[in-house]
1. Going by the structure shown, is residue 144 modelled with pLDDT of 95 or more, surrounded by 15 or more Cβ atoms within 10 Å (Cβ to Cβ), part of a loop (DSSP other than H, G, I, E, B) and more than 19 Å from the chain's Cα centre (by Cα)?
2. Among the residues of the stretch 166-176 satisfying the criterion of being within 16 Å of the ligand (Cβ to nearest atom) and within 18 Å of residue 217 (Cα to Cα), which is surrounded by the most Cβ atoms within 10 Å (Cβ to Cβ)?
3. Checking residue 163 against (1) modelled with pLDDT of 95 or more; (2) under 30 Å from residue 278 (Cα atoms); (3) more than 16 Å from the ligand (Cβ to nearest atom), which single condition isn't satisfied?
4. The conditions are (1) surrounded by 23 or more Cβ atoms within 10 Å (Cβ to Cβ); (2) out of contact with any helix residue (DSSP H, G or I) (no Cβ under 8 Å at 6 or more places or on another chain); (3) over 21 Å from residue 266 (Cα atoms), and residue 98 fails exactly one of them. Which is it?
5. Answer with yes or no whether residue 85 is more than 12 Å from the ligand (Cβ to nearest atom), surrounded by fewer than 22 Cβ atoms within 10 Å (Cβ to Cβ) and at pLDDT 95 or above.
6. Filter the stretch 216-234 down to the residues that are touching a helix residue (DSSP H, G or I) at 6+ places or on another chain (Cβ under 9 Å) and more than 22 Å from residue 170 (Cβ to Cβ), then identify the one that is surrounded by the fewest Cβ atoms within 10 Å (Cβ to Cβ).
Ligand code: XIL
């Protein structure tokens with residue numbers, strides 16, 4: 001059932017013909033028969049990767065590089081560019097792993113998206129910051145400034161603030177450590193500092209469920225409107241889109257993209273994966289489930305193409321390469337198969353769904 005990733009839809013049959021007529025080695029034909037998602041889109045097609053010392057680091061598990069290089073033209077670090085990695089002590093920044101990733105991206109003609117300058121989870125905030133008793137305004141500005149300056153010219157865009165909205169009704173600002181110390185001003189201060197440090201980078205606000213929960217979307221739009229009225233630099237919105245096969249409704253997803261487009265901001269689908277086992281009743285991704293997932297991926301990418309005009313397409317990034325590495329299985333404590341590729345790097349029907357949407361088939 002599963003197609004080898006090196007065999008694209010149409011060209012696969014061509015390769016088969018070539019194989020028959022020339023007897024050429026299959027592997028060579030596969031390479032010549034490449035269908036790469038990145039070549040089918042006029043906007044960045046990205047993937048979150050493990051790097052540095054991580055178990056699945058692309059520098060340790062190098063067999064994944066061929067697939068990554070073939071399919072994607074945009075990278076984001078799944079973890080190693082988060083706060084506690086880049087800024088482990090007040091006066092210490094740790095850039096080696098991220099620099100290696102930036103070099104990798106450059107060598108392979110990919111752009112790098114930075115994720116994330118400010119994010120609240122307890123385990124993500126560096127310990128020194130949790131204990132910080134000095135001037136929070138100055139400290140946060142310094143944090144953002146140093147990092148953005150370091151990567152200026154090498155990071156195309158940043159998630160400046162991640163998940164600052166609490167969707168519990170009524171939606172409001174999350175009462176994070178940053179909020180407790182600085183009120184909501186920490187958000188705009190981070191954007192201002194990032195823009196001053198790297199005026200060329202696109203600056204994004206990134207969150208989950210903003211494509212799903214209307215009150216959360218509304219709150220975010222209010223924040224954007226306020227930023228725009230006061231000329232706070234913001235260029236786009238990242239919709240994480242850790243979605244399920246049946247939630248949220250495509251109509252709600254479209255409505256959310258449309259509202260951001262109306263404000264002239266770019267739209268990124270920033271962390272796309274499609275969970276299939278939300279009822280925890282699957283032992284494997286059955287052919288039926290795989291077909292549903294394919295249709296879901298196709299509908300999402302189609303919605304993106306139809307609602308977001310080319311100039312505002314910041315791109316689509318998938319949150320991982322192969323199913324076996326998905327963060328969702330750990331997060332939900334159940335097995336998930338939410339991505340485009342199997343663990344042996346063969347493509348899933350989900351891949352075809354994305355491809356069909358991109359090619360209008
Ligand atoms: C996740 C990573 O994928 C995991 O490896 C890590 O343990 C936790 O963070 N929203 C985000 C991402 O913005 O940074 C999260 O990534 C997934 C949810």
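1. Here the answer is no, as residue 144 does not meet what is asked.
2. So the residue we want is 167.
3. Among (1) modelled with pLDDT of 95 or more; (2) under 30 Å from residue 278 (Cα atoms); (3) more than 16 Å from the ligand (Cβ to nearest atom), the lone unmet condition for residue 163 is (3).
4. Just one mismatch for residue 98, condition (2).
5. no
6. Only one residue tops the list, namely 230.
The values are calculated or read from the model by the stated rules, or taken from the named source; none is laboratory data. Everything quoted here is computed from the prediction, not taken from an experiment. For neighbour counting, all protein chains shown are included, and Cβ atoms are generated from backbone atoms with ideal geometry for every residue, glycine included.
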